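A.B. asks: The following block contains the structure, expressed as structure tokens.
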Amino acid sequence: KHQDDSGSDTYFGFSGNDTFVVYTAGGAGLSIDSNRVVTFTGDVVMGNNDITALCGITFQNGCILDDSIGAEYLKVKYNGSGAGGIQLFDSDDTRQGYLYGDGGATSNFGLLSGAGQWGIRIVEGAGTTLFYGASVETLTTTSTGVTIPGKVGITTTVPAAKLQVGLNHDPAQTAESLVHLLSSTASSTVNGFTHLKLDYHGGAAPSSAG
């Protein structure tokens, strides 16, 4: 179809179900069928121009990228009802990580490492878990609080107790100790202390001294 300077339309095409094909020296370049589907044989080079009013992109394996859920969000839909998501690769094609969902009716969603192991998992309506290494849970949040299976160190990376604040200067500390609050401030200063230990040893009777 062509519109000349006077505003009159002229048409170029074929009747019936014929397909219009444009050939180049290398063969067919593009074709347009009776359903107005345009097929490009080679690459489409935009020449630094924008693509506007795009409804969506459907990839060769059925994944879809569009904004059908509104102007505030971009929708990424993978082709399957099970687990899937987005994988991130660097320039030498090494997988760096995943944006992942398990496909469940109650979703498990989060980030995986390049090896496909959980790093952060958000369980719908339940809580969030942080992982270390081969899916070892390190911290879990729920509606009732926070659970940490291991030890917690504040200003130390090697806590000797379940909770340790400060560095470990006391050789008498044991792995059974639950809380150590340590300070290098002289005990003669205001609010100063050298060591404050709150220990509980497993198996002790409630009436035992402590």
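A.B. asks: So how many residues does segment 78-131 have that are open to solvent by 50 Å² or more (accessible area, probe 1.4 Å), polar (S, T, N, Q) and under 14 Å from the mean Cα position of the chain (by Cα)?
C.D. replies: Residues that pass the stated criteria total 3.
A.B. asks: In this structure, does Gln164 turn out to be at pLDDT below 85 and assigned to a strand (DSSP E or B)?
C.D. replies: Judged against the criteria, Gln164 is a match.
A.B. asks: Consider segment 118-137. How many of its residues are modelled with pLDDT under 85 and part of a strand (DSSP E or B)?
C.D. replies: 2
A.B. asks: Continuing with this model, one more query. Output the qualifying pairs, or none if there are none: Cβ atoms under 6 angstrom, residues six or more apart or on different chains, first residue in segment 124-152 and closer than 21 Å to Ser107 by Cβ, second residue part of a loop (DSSP other than H, G, I, E, B) and of a type outside the set (Ser, Thr, Tyr).
C.D. replies: Partner pairs satisfying both residue conditions: Ser135/Gln117; Glu137/Pro149; Leu139/Ile148.
A.B. asks: Among the strands (runs of 3 or more DSSP E) contained in segment 40-105, which hold 1 or more residues that are farther than 30 Å from Ala134 by Cα?
C.D. replies: 56-58, 64-66, 75-77
A.B. asks: From the set of residues in segment 1-39 that are in contact with a strand residue (DSSP E or B) (Cβ under 8 Å, 6 or more places away or on another chain), open to solvent by less than 70 Å² (accessible area, probe 1.4 Å) and part of a loop (DSSP other than H, G, I, E, B), which is modelled with the lowest pLDDT?
C.D. replies: Asp4
The values are calculated or read from the model by the stated rules, or taken from the named source; none is laboratory data. For clarity, every value in this text was computed on a predicted model and none was experimentally measured. All Cβ positions, even for glycine, are placed from backbone atoms using ideal geometry, and neighbour counts span all protein chains on display. Areas reflect the complete protein model, heavy atoms only, side chains present, ligands, DNA and RNA absent. Shrake-Rupley method; radii C 1.70, N 1.55, O 1.52, S 1.80 Å.
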